[in-house]
Amino acid sequence: MNVTVEEIKEKIRSTLNELMEEDVSKITDDQLFVEELGVNSIVIVQVFLTCQETYGVDLTEEMKLAEPMSIQMLAEKIHNKVISQ
Amino acid sequence: MDYSKVYDITIGNFQGEHLITWFKNGEKHIAGGKEYATVTDSVAAVLEKKFSGIEKGTWIGLKSNNHYLWLAVFFGLLKIGYPVLLLDANASEDSLEAFTVQSHMKAIVTDTPESHGDMLNVSMAELEEFAESFPENVCWESRIAFCTSGTTGMAKIYVFYADAIYAQCINVSDYLLHDKGITGTRNEGGVQANPMLLTLPLRHCLGFGVTLAFITAGYPIVLPAKPGIFGMADTCRDEGIWFFCSVPAIWKGLMRIAEARFGDSGPESMKKLMGEKLTFGCSSGARLDPAAAKKLMGTGIYIVNGWGMTETSFVTMGPLKDDPALDYVGIFYNKHSAVVIDTETGDVKSEGYGELAVNGRSMHTSTLSDGKEVFRNKDEYFRSGDLAEIRNGRLYFKGRCKSVIISDSGENIYPEELDTHFSFLDELVEQYATVGYEDEPVLFISSKSAAEFENSTAFERIVEADLRLPLGKRITRIFVTDKPMPVTSKGETARFYLLGFLEKNRADFRELSVKK
């Protein structure tokens, strides 16, 4: 699959936009989902699932670990998985 | 009474052709009552062989996410004589160890193979390979147990005997079949044409109770085709779901999706999202805040709210539209009786304001401690720890008088457990305590280095420890002060006074995000 980090970030933003009350355009790429944005687990799980389905990557371990994650960090993680496939 | 009676009214005598629908590798599967009874027997036969070395009456853990075989394993274990401990599929190693100490369980059924010391393990994947058979020695058990989703090892296990669950199935299914408000929302075609979507975990008292009551009444259940909140909405729409029960966080999420996609969460938008046939819903498992309650009433779905606890099972239920008060949680049903206890005088009253205490046939019978049952006095009302008002037989939820925090995802968070988790702070700060603030856990700290707390070792270790907690239990904020915080007569930090203390001394506190 030929996809850029910017395209993945856009996908994450559009998913967040459907799930969050806050104006997603005001969220920076580096803000942490839980620690800074107070995003709940329902939203995070859906963002991961949407990315899994869209890019055909497995994020099960990342979901389990639930490490601090921002739009930028998640997009890069997915991009690395896509190019290593 | 043993669990054969519960099995008979749910699966054993299920008359419809459609009991359970599930999806695997994109394919849809449907089983009727008879087919599922065969599956249950076959799974029981496999388990009987696997656990042949374990004495009957020994607790066996069921630690699995919702799965089409979940009910087969549950009833299969009971049928061959093992009481079942219902565990969170994501339970931590610490909490699992604590549950083992309390119950003396000897085996565990999990989604995928797991290793837990000497404990025998069977995975759902293994069980899916069953061949049609029947257990050799049927000897139904009479006990199951619900567990708290412990984080740090403070296990709480509540035992329910078959008569309590049987009564709940009968009482709730009766309500589902005969309440005019509910039956008025049904689509044409009788019970079989009105399926419920199973979104709540079956190991939790709410998901378990609702599902068994629906099956008792003859309604089909459908497992989501895909995980996640989008998967719930899609399955609801594609499968013509009539009833959807979930926690406030999910309802709020669904309304938000409707707003983002269609501009609002009114009836037409919700129909586009969830399908035309979704006309009945239930919000439970956590407090429904007034703003969300008001919004839910505008969806056009007939929404009932309720109150119950793991220890008590379902106690009240009522449609939101029946009462203008947004803290209304229904009328007493399921044959429970309730009183309120005046928090000042201790007087017990049948109506008025105070701590809610309940009793009835569907209550837990005992708790487990070191493998033994500690029985509850059945004549005593169980004190809920919730503040409530009973007015004309209606219940209004007013807040909590116990320290437990209930997030809007329905997660019970025990501050004492989190205090244990952060107990390394004993040597690093003057005082600390976890408190529920806006339905989330926050850490209150008194430290001489409050002014630069984010640069301290204590802060660094809090961030590290926080990451070891499950997502829904993490602390996202710290309130730190260099002033002493209130203490009890025993010299412990007075958890219950901290929110008031914060309010009065806001200028003395710094609020920090828990991040590196």
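The residue that is farthest from B:ALA131 (Cα to Cα), counting only those in region B:32-54 that are surrounded by fewer than 20 Cβ atoms within 10 Å (Cβ to Cβ) and touching a strand residue (DSSP E or B) at 6+ places or on another chain (Cβ under 7 Å), is B:ILE54.
Against the test of being at pLDDT 95 or above, surrounded by fewer than 19 Cβ atoms within 10 Å (Cβ to Cβ) and touching a helix residue (DSSP H, G or I) at 6+ places or on another chain (Cβ under 9 Å), the options B:GLY281, B:GLY263 yield a single qualifying residue, B:GLY263.
Regarding B:LYS272, is this residue assigned to a helix (DSSP H, G or I) and within 26 Å of A:ILE44 (Cα to Cα)?
Spelling it out, B:LYS272 is indeed assigned to a helix (DSSP H, G or I) and within 26 Å of A:ILE44 (Cα to Cα).
Take the residues in region B:202-223 that are part of a helix (DSSP H, G or I) and within 18 Å of B:LEU85 (Cα to Cα); name whichever of them is farthest from the other protein chains (Cβ to nearest Cβ). Out of the qualifying residues, it is B:LEU212. For B:ASP466, state whether it is more than 14 Å from chain A (Cβ to nearest Cβ), in a helix (DSSP H, G or I), closer than 29 Å to A:MET69 by Cβ and of a type in the set (Asp, Glu). No; evaluated as a whole, the condition is false for this residue. So which of B:LYS226, B:LYS180 is within 14 Å of chain A (Cβ to nearest Cβ) and either acidic (Asp, Glu) or surrounded by fewer than 21 Cβ atoms within 10 Å (Cβ to Cβ) (or both)? It is B:LYS226.
Scanning region A:10-24 for residues that are of a type outside the set (Asp, Glu) and either within 9 Å of another protein chain (Cβ to nearest Cβ) or over 10 Å from A:CYS51 (Cα atoms) (or both) gives A:ARG13, A:SER14, A:THR15, A:LEU16, A:ASN17, A:LEU19, A:MET20, A:VAL24. Close contacts from region B:127-150, counting a first residue that is under 19 Å from B:TYR166 (Cα atoms) and modelled with pLDDT of 95 or more and a second that is among the aliphatic types (A, V, I, L, M) and surrounded by fewer than 21 Cβ atoms within 10 Å (Cβ to Cβ), with Cβ to Cβ under 6 Å and a gap of 6+ residues or different chains, come to B:SER142/B:ALA162.
Could you please let me know if B:GLU464 is closer than 30 Å to B:GLY306 by Cβ and of a type outside the set (Lys, Arg)? Spell out how you get there, then give the answer.
Numbers: closer than 30 Å to B:GLY306 by Cβ: no; of a type outside the set (Lys, Arg): yes.
In short, no.
Consider A:VAL57 against the criteria (1) part of a helix (DSSP H, G or I); (2) farther than 27 Å from B:LEU512 by Cβ; (3) away from chain B (no Cβ under 14 Å): it satisfies all of them except one. Which criterion is unmet? Failing condition for A:VAL57: (1).
The values are calculated or read from the model by the stated rules, or taken from the named source; none is laboratory data. Since the model is a prediction, treat every value here as computed from it, not as a measurement. FYI the Cβ positions are ideal-geometry reconstructions off the backbone, even for glycines, and counts take in every protein chain you see.
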